[in-house]
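Input: a single structure, listed below in structure tokens.
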Amino acid sequence: MSQSSASVPFIDALRDADNLRLPGSGLAWLDAARRENLAAFVAAGMPDTRAEAWKYTALRALGQRRFALGDAAATAHNVDPHALALPGIDGPRLVFVNGVFRADLSRLEALPSGLSLQPLSKVLEKDPEPLRFALSRHYREVSDAFAQLNAALSGDGVVLRVAPGVRVGKPVHICFAGTPAQGDLAWHVRNVIELGEGSELDLIEHHLATAPHKHLGTLVSDIVVRDGAKLQHALLQQAAEDSVLIRRGSMHLGAKSQTVLHTLELGGGLVRHDLHAELRGDHARLDTRGVFVLRGRQHVDTQLSIRHQALNTASESIWRGVADERSRGVFRGAIVVAEGADGSDASLSNKNLLLSAQAEIDTKPELEIYADEVKAAHGATVGQLDERALFYLRSRGLPLGEARALLTAAFCRAVFTALPNDTLRDHFSNTLLAHLP
């Protein structure tokens, strides 16, 4: 189910990775995990479209490229801090440039009591043992190939912990900036995030490019939301148009916890977003809202997997996709209600717009139920703009382009109405509108 590793330049470029001196090198358990994950990736090779998880996302072109591992000059790149700012967001900030932590661009002074926020590289130097469970993980599924790569080569990322009962007053802003370097490079970031019992956190994750480049970034996040905790997670993705970004998130939700995810995907040449969520505690709730808007030859593949494992859990997923020109979108939304998860309530809606005859969107909702007294619904559509609505707007004097943009924005904007931060909601809406053709 993979390309031959013997003939793939991407794999060849990894064969010397054992010689890298990543943060934490010398820790026996971490060295072993890195070696084993890298060996597994190299042995299996790059996944191809014969694997169900990669059926609609071809990686052949990526496999023919050789990426330099890491950016030794990342701390010296000139990055305008104003380009990293989000309107109305002035709380703690952690910034990575080409996957490397930048203290000069971050805001880590005077963190509120109960919030621990550090770069992974520093934690590995001073107190690595609490990370042993998360970083010793071995990935074995074909769909997790890039998680293997990330586990082998990540040397930095975010370690964020909120103490039990603490409500963090200001949103925490995590920024991943890509900037040109000498040649194409690959960076790998690992995030470990944990909310203690009864705590609350607003988290904003922002991917952006300071200038065009063709880097590859992989990002793996392990998020644990303990009993009674609440997480608001907003993701804005504006990566470089020719870059490759592959993200994998794991969420574990405890009893009576609540998590809301808002995602806006606008950038990147090839983007893959896998989210695996497990509702493990009774009365846990997960809401996901997402939009991707594609143009040119962009390709965005979203894989959503939600598993209800406890009594009276609830999830609601609303995703929208827009594809123009020769772009392609992929969405798979899978819900599993496991045996014993009686009283679960799950729904998933995926609606998509095609703005050109050459654009393509593939959508696949899935539902498996093994419990009793369950409410579950899912649906997906792919269509075009309503010609009658277009005619109405044009009859009122709007040019065709403005009429199409107005209808497309209305189609997407409904996803963000539940964002509790008014300033961030307006920024998402304005950014979306500016991106529309």
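Between ALA83, ALA53, ALA103, the Cα set farthest toward the positive side of the dipole of segment 1-131 (charges on each charged residue's Cβ, about the Cα centre) is that of ALA53.
Size descriptors for segment 68-160 (Cα atoms only): Rg and Dmax, in that order, 15.3, 43 Å. Of the residues GLY254, GLY169, GLY290, the one that moves most in a GNM of the chain with alpha-carbon contacts below 10 Å is GLY169. Centre-to-centre, using Cα atoms only, segment 55-91 and segment 173-203 are separated by 11 Å.
Taking a ≥ b ≥ c as the square roots of the eigenvalues of the Cα gyration tensor, an a/c ratio of 1.5 or more together with a/b no larger than b/c marks segment 71-118 as oblate. Taking the Cα centre of the chain as origin and assigning +1 to Lys and Arg Cβ atoms and -1 to Asp and Glu Cβ atoms, the resulting dipole is close to 680 debye. Placing +1 on each Lys and Arg Cβ and -1 on each Asp and Glu Cβ, with no other charges, gives segment 6-66 a dipole about its Cα centre of roughly 200 debye. Given the options GLN232, LEU400, THR302, identify the residue whose Cα lies farthest towards the positive end of the charge dipole of the chain (+1 on Cβ of Lys, Arg; -1 on Cβ of Asp, Glu). The residue sitting most towards the positive pole is LEU400. Legend: calculated FRET efficiency, SER347 to ALA68, from the Cβ-Cβ distance at R0 = 45 Å, rounded to 0.05, equals 0.50. Legend: calculated FRET efficiency, ARG413 to ASP16, from the Cβ-Cβ distance at R0 = 56 Å, rounded to 0.05, equals 0.70.
Here the 3J(HN,Hα) profile of segment 237-251, calculated from phi with Karplus coefficients 6.51, -1.76 and 1.60 at θ = phi - 60°, is 10, 10, 5, 4, 4, 9, 8, 10, 10, 10, 10, 9, x, 10, 10 Hz, Gly and Pro shown as x. Of the accessible area of segment 339-437, computed with a 1.4 Å probe over protein heavy atoms only, carbon and sulfur atoms account for 51 percent. Amide H to amide H, with H built 1.01 Å from N, LEU235 comes under 5 Å of GLU205, HIS262, THR263, LEU264, counting only residues 5 or more places away or on other chains.
Could you quote the convex hull projected area for the chain, Cα atoms only and averaged over all directions, in nm²?
20.9 nm²
In a simple Cβ point-charge model (Lys, Arg +1; Asp, Glu -1; nothing else charged), segment 40-81 has a dipole of about 280 debye relative to its Cα centre.
Only one residue of LEU20, THR313, PRO171 has its Cα farthest out toward the positive end of the dipole of the chain, where Lys and Arg carry +1 and Asp and Glu -1 on Cβ, and that residue is LEU20. Heavy-atom surface analysis with a 1.4 Å probe gives segment 39-110 a carbon and sulfur content of 55 percent of its accessible area.
Averaged per residue, the chain has 42 square angstrom of accessible surface, using a 1.4 angstrom probe with ligands and nucleic acids left out.
The values are calculated or read from the model by the stated rules, or taken from the named source; none is laboratory data. Being a predicted model, the structure only gives us computed values, none of them experimental. Counting neighbours? That spans all protein chains shown, and the Cβs are built from the backbone with ideal geometry, glycine included. What goes into the accessible areas is simple: the full protein's heavy atoms, side chains included, and nothing from ligands, DNA or RNA. Shrake-Rupley method; radii C 1.70, N 1.55, O 1.52, S 1.80 Å.
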